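Each remark here refers to the structure printed beneath this line.
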Amino acid sequence: MTVADLFSIEGKTALVTGGGRGIGAMIARGYLQAGAARVYISSRKADELDAAVAAFAEFGECVAIPADLSRADECQRLASEVSEREGGRLDILVNNAGANWGAPFAEFPDTAWDRVLDVNVKGVFHLTQALAPALSAAGTSRNPSRVINIGSIDGIRVPEMDTYSYSASKAAVHHMTRVLARRLGRDNITVNAIAPGPFESKMMAATLDAFRDHIEAASPFGRIGEPDDIAGAAIYLASRATAWVTGVILPVDGGMATTV
C-alpha cells in the first residue's frame, strides 16, 4: 500500500447530513474533490441542497435527498433511500446536521431543548441506527465503514454565549460517539467525532459579525477555520489511515479549546 492509498477515499460513497451549507458543504465538496464515487447530501431545505448540487457538479456526483432529521421516521426514510440506491451498502456517514438556540439563562425556553436535542442528539442516533446495516455490509475489520459525528468545541469547553442546549447536546454527541464506537466496532464500523471551532456558516454568521476580532484573537493562529481545515480532517477519518482509530473526539479549532 502506498502513502497515497493510505489516505485515499477514492471510490467510496458517503452521506453528509446538513450538506447544503456550512461545514457540511465543506466536507461534501472535499469528499468529491478527494475522489469519492458519490456523495449524498441531506437537509430540510431542498433549495439549499439543489444549489449545492449545482455548485459541486464540477467535482463529481452529488445527490440531494431532503429530510427532516429531527424526526425518527424521516431518518429511517433517508436511510432506506440511500441504502436502496447503493445496493444496501454505504462507506461513510457524516452526521453534521445541527440546530442551535441562544437566549439568556432566565428566559431560556423548553422548546430550545426539544428542538436542539431532537436534531443534534436523537437525529444522530436514529440515522446511525438506521444505516448501521448498510455501513456494516460495506466494511471489513481492516477497512471498516465510518461514522463521523460533528460535535463542537463548545461540547469540550464552557462557551461564552448563552447556548445551553447546544453545548449540552454537543457534549452528548461526543460521549455517544464513544459509546457507539464500542458497540459498532463488532460490525466493522468506526465511530469518531470532529469538534470544530468557528467556521464561516449561517449558524455562526451573527456571532462572527459581532465578535470576529475576539474569536480570532483566541486562536494561536489568529484566524477562524477554512474549508480545507474541516475537509482534511473528515477525509483523514474516512481514509484507510484511520482504520484502527475509533471513539476519538478530534478538535479542529486552531487550538482554541486545547491551548487556552
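The values are calculated or read from the model by the stated rules, or taken from the named source; none is laboratory data. Here the structure is a predicted model, which is why all the values come from computation and not from measurement. Note: ideal-geometry Cβ built from the backbone for every residue, glycine included; neighbour counts use all protein chains shown.
Can you name every residue in region 89-108 that is surrounded by 13 or more Cβ atoms within 10 Å (Cβ to Cβ) and more than 17 Å from D68 (Cα to Cα)?
Pass one, region 89-108, residues surrounded by 13 or more Cβ atoms within 10 Å (Cβ to Cβ): 89-103, 108.
Result: R89, L90, D91, I92, W101, G102, A103, F108.
Wholly within region 1-63, which helices (runs of 4 or more DSSP H) include no fewer than the required count, namely at least 3 residues that are modelled with pLDDT of 95 or more and among the hydrophobic types (A, V, I, L, M, F, W, C)?
Helices (runs of 4 or more DSSP H) meeting the threshold: 22-33, 46-56.
Please tell me if D154 is within 23 Å of A233 (Cβ to Cβ), among the charged types (D, E, K, R), without any contact (Cβ under 8 Å) to a residue 40 or more places away in the chain and out of contact with any strand residue (DSSP E or B) (no Cβ under 6 Å at 6 or more places or on another chain).
Details: within 23 Å of A233 (Cβ to Cβ): yes; among the charged types (D, E, K, R): yes; without any contact (Cβ under 8 Å) to a residue 40 or more places away in the chain: yes; out of contact with any strand residue (DSSP E or B) (no Cβ under 6 Å at 6 or more places or on another chain): yes.
Criteria met by D154.
Here are some conditions: (1) within 14 Å of the chain's Cα centre (by Cα); (2) closer than 18 Å to N95 by Cβ; (3) surrounded by fewer than 21 Cβ atoms within 10 Å (Cβ to Cβ); (4) modelled with pLDDT of 95 or more. F199 meets all but one. Which one does it not meet?
(4)
Sort out which residues of region 9-21 are surrounded by fewer than 24 Cβ atoms within 10 Å (Cβ to Cβ) and either free of Cβ contacts under 8 Å to residues at least 12 places away in the same chain or of a type in the set (G, A, S) (or both), and write them in order of number.
Within region 9-21, just G11 meets the criteria.
Taking D209 as the residue in question, decide whether it is among the acidic types (D, E), more than 14 Å from M26 (Cβ to Cβ), modelled with pLDDT under 85 and surrounded by fewer than 20 Cβ atoms within 10 Å (Cβ to Cβ). Full working, then the answer.
Values: among the acidic types (D, E): yes; more than 14 Å from M26 (Cβ to Cβ): yes; modelled with pLDDT under 85: yes; surrounded by fewer than 20 Cβ atoms within 10 Å (Cβ to Cβ): yes.
Spelling it out, D209 is indeed among the acidic types (D, E), more than 14 Å from M26 (Cβ to Cβ), modelled with pLDDT under 85 and surrounded by fewer than 20 Cβ atoms within 10 Å (Cβ to Cβ).
Somewhere in region 145-153, is a residue surrounded by 22 or more Cβ atoms within 10 Å (Cβ to Cβ), modelled with pLDDT of 95 or more, assigned to a loop (DSSP other than H, G, I, E, B) and of a type in the set (S, T, N, Q)?
Looking for residues that are surrounded by 22 or more Cβ atoms within 10 Å (Cβ to Cβ), modelled with pLDDT of 95 or more, assigned to a loop (DSSP other than H, G, I, E, B) and of a type in the set (S, T, N, Q), one finds at least one in region 145-153, hence yes.
Please go through (1) surrounded by fewer than 17 Cβ atoms within 10 Å (Cβ to Cβ); (2) within 27 Å of A241 (Cα to Cα); (3) within 19 Å of the chain's Cα centre (by Cα) for L6 and return the number of the only condition it doesn't satisfy.
(3)
Would you point out which residue out of L180, L78, L127, L117 is in a helix (DSSP H, G or I), at pLDDT 95 or above and surrounded by fewer than 20 Cβ atoms within 10 Å (Cβ to Cβ)?
Working: L180 fails: surrounded by fewer than 20 Cβ atoms within 10 Å (Cβ to Cβ); L78 fails: surrounded by fewer than 20 Cβ atoms within 10 Å (Cβ to Cβ); L127 fails: surrounded by fewer than 20 Cβ atoms within 10 Å (Cβ to Cβ).
Matching residue, one of L180, L78, L127, L117: L117.
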